[in-house]
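Student: Quick one: the structure is below, questions incoming.
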Amino acid sequence: MEKEKTTKKTINGAVYTVNEVKKSVTCYIESRGEKVYGYAKCGPRDEFDIERGKEIAAWRCEIAQRKRDLAITNDVIDTLHAIIENNEDSVYHHYMTRAQVSKHWDKFLKDACDEKKRQLEHIRFCKKELKKLIK
């Protein structure tokens, strides 16, 4: 059976730790002041390939980083929903006039939702590439 072609994964600034005894590779990067990790471990009957382990660990690190970014984007979306709801409530109760509400909140929310969509697509792509690699 022929393997599917995968996209070669490299991450600038990634640090790899290879443990040949445990047949494992750990990849970490620093992103926004946090360390994000990816891990690859060879199965008991598999042949240990350091380069393939690095690539698997890099994909997993990328997925972890994107999931963290997605969680941040979800927090932004929740905050924007709360702001918009609060503004609508203030207008309804006549604490504010419609003219006092920023017209930009809906645009910010749309931008955040578009970003979330792109992040989810990227995570799906990374998982698909990882799946091809670990077959």
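The values are calculated or read from the model by the stated rules, or taken from the named source; none is laboratory data. What you are looking at is a predicted structure, and each value in this text was computed from that prediction instead of being measured. Here the Cβ is made from the backbone with ideal geometry for all residues, glycine too, and neighbour counts use every protein chain on show. For the accessible areas, the whole protein counts, side chains as well, though only heavy atoms, and no ligand, DNA or RNA atoms are used. Shrake-Rupley method; radii C 1.70, N 1.55, O 1.52, S 1.80 Å.
Student: Run the quick spin-label model on Ile72 and Tyr37: label points 7 Å from Cα toward the beta carbon, then report their separation in nm to one decimal.
Tutor: 2.1 nm
Student: Considering the chain as a Gaussian network with a 10 Å cut-off on Cα pairs, which listed residue, His93, His122, His81, attains the greatest mean-square fluctuation?
Tutor: Fluctuation is largest for His93.
Student: Something else about it: With a point put 7 Å past each Cα toward its Cβ, work out how far Ile83 is from Trp105 in nm, to one decimal.
Tutor: 0.9 nm
Student: A further question follows. Taking the 0 to 90 degree range and rounding to the nearest ten, how far is the long axis of helix 105-134 tilted relative to the main principal axis of the chain, both from C-alpha atoms?
Tutor: With both axes taken from Cα atoms, the answer is about 10 degrees.
Student: Which distance in nm do the two modelled labels at His94 and Lys135 give, with both placed 7 Å along the Cα-to-Cβ direction?
Tutor: That separation, rounded to one decimal, is 6.8 nm.
Student: Could you pull out every residue, at least 5 positions away or on a different chain, whose amide H is within less than 5 Å of the one on Met96? Hs are placed 1.01 Å off N in the peptide plane, and Pro or chain starts have none.
Tutor: Close amide H contacts, sequence-distant or interchain: Val91.
Student: May I ask for the angle, rounded to the nearest 10°, between helix 50-92 and the longest principal axis of the chain, with both axes built from Cα atoms and the value confined to 0 to 90°?
Tutor: So the helix axis and the longest Cα principal axis differ by about 10 degrees.
Student: Note down the magnitude of the dipole of region 90-135 about its Cα centre, charges +1 on Lys and Arg C-beta and -1 on Asp and Glu C-beta and zero elsewhere, to the nearest 20 debye.
Tutor: Roughly 420 debye, rounded to the nearest 20.
Student: Just to be sure I understand, if you calculate Kirkwood radius over Cα pairs in Å for this structure, which of [x] 17.7; [y] 16.5; [z] 15.0 do you get?
Tutor: From the options [x] 17.7; [y] 16.5; [z] 15.0, the structure gives [x].
Student: Right, next: Accessible area of region 1-127 with a 1.4 Å probe: how many percent of it is carbon plus sulfur?
Tutor: Answer for region 1-127 is 52 percent, counting heavy atoms of protein chains only.
Student: Choose one answer from Asp46, Asp75, Asp106: the residue with the largest mean-square fluctuation in a GNM of the chain with alpha-carbon springs under 10 Å.
Tutor: Residue with maximal mean-square fluctuation among Asp46, Asp75, Asp106: Asp46.
Student: Highest GNM mean-square fluctuation, the chain, Cα pairs closer than 10 Å: which of Tyr39, Tyr16, Tyr95?
Tutor: Tyr95
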